[in-house]
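Throughout, read-outs are computed from the coordinates displayed, never taken from laboratory work. Keep in mind it's a predicted model, so treat the numbers as computed, not measured. Heads up, the Cβs are rebuilt from the backbone with ideal geometry, glycines too, and the neighbour counts pull from every protein chain shown.
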Amino acid sequence: MKISHHLDEATLMAYAAGTLGEAHSVVVAAHAAMCPECRAAIRAAEALGGLLLDDQDQTAVSDTCRAATLASLDGVMRATRPAARERGEVPAPLCNLINNMPLSEIKWKTKAPGIAKFDIPLSPGSRTHLQLLRIAPGKMLPDHGHGGEELTLILRGSYSDHTGQYRAGDVADLDEDTEHAPRVDSGGECICLVATEAPTRFKSFWARLAQPFVGI
Ligand SMILES: [Zn+2]
């Protein structure tokens, strides 16, 4: 799998520090399961976090001890972080959350012509939302900004917007200031995993009016 769009550094650092919301953490883990580059970056960020904690403690740590700490951190990460493999189109960190279902068995809810979604339950009280979106070929989503940081991981098919083409394994790491109008490429439907902090807001009045019905 050739991956062209990765997580940005701020997202990787927040994930490593454990400060990222639940939905976003699932998307990061799912992308990392597919992407050796981001896995290495997370490992480096976690090691850096460990060193910063050491400095905060102002404890003199010998090089040998530091190397041993980093090696054990690496071991912990391997045990708790996503495995470097995927099960079909569903990356390992997502499997349990959707009861190990393949994408073909998801109970999709149609929200608008050509757009269906499936809400993935998170912990009670989670302030983030995680959903699977299935969008028909050639379908364009209305031009929209975001109510907060949005992470989108492509699982099947592809879409394009002014920032490029996004294919399976690619992640769109968008902040509040980004506005985009993704269009699913004509070759087939696109299924993606989307983490949001707040409901997506559409720019045009009519799209905004329709938003409660579309629900994305
Ligand atoms: Zn990556």
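Here are the numbers for this structure:
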item: Potential extension, Glu189-Glu9 segment - 0.36 nm per residue separation minus Cα distance; result: 61.8 nm
item: Contour excess over end-to-end distance, with Cα ends at Thr19 and Ala136 and 0.36 nm allotted per residue; result: 38.7 nm
item: Under 9 Å, Cβ to Cβ, from Gly21 - net charge with Lys/Arg +1 and Asp/Glu -1; result: -2
